[in-house]
1. Show me 105-112, 85-92 ranked by packing, highest mean number of other Cβ atoms within 10 Å first.
2. Mind checking the full-extension length gain between A92 and T69? Use 0.36 nm per residue of separation minus the Cα-Cα distance, one decimal, nm.
3. For E60 and T85, calculate 0.36 nm times their separation in residues minus their Cα-Cα distance, and state this gained length in nm to one decimal.
4. Under the Karplus relation 6.51 cos²θ - 1.76 cosθ + 1.60, θ = phi - 60°, what is the ordered set of whole-Hz ³J(HN,Hα) values for region 31-46, x standing for Gly and Pro?
Amino acid sequence: MKKLSLLLMLFAVIIAFSSCSKDEEEINTDLIVGRWQSTSGNYFEVYNSNGTGKMWNEDEDVTEDEADTFDWRFEDGDNTKFVQTIHFQSGAADLPQMCNIVTLDESSFVYNNDGWRRTEHLKRVK
């Protein structure tokens, strides 16, 4: 019985240590540059390589020419977090938003916007 208990305890320790390993992939931050569309509608975001961008929602009768603009940058030392500072067309105060990347690859971009408490699911479009 002692051997069985020892084996079970050893097995539990092995499982505990293996589940705590950090196997996060490095995110290629260059992939954020481009034109993205919501997977569930006509919401668009464009990220330019110079740290500027724009966003608009055609479902709300807003065209690209009427888009709100933003500046964006990655947090120092953490390529999974970026800040969007939105400049509203209405003249409202600039609004910085902390965002956490869930997925960023050639075709999809998913991030959590902490300020708006929502997750954006975007696909790359031309």
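1. Details: 105-112: 15.4, 85-92: 11.5.
For the peptides 105-112, 85-92, the packing ranking is 105-112, 85-92.
2. 7.1 nm
3. Numbers: separation 25, 0.36 × 25 = 9.00 nm, distance 2.12 nm.
Here the segment from E60 to T85 would lengthen by 6.9 nm.
4. The phi angles translate into 5, 5, 5, x, 9, 10, 10, 4, 6, 10, x, 10, 8, 10, 9, 10 Hz.
Coordinate-derived values only; no laboratory data. Everything quoted here is computed from the prediction, not taken from an experiment. Here Cβ is always computed from backbone atoms with ideal geometry, including for glycine, and neighbour counts include all displayed protein chains.
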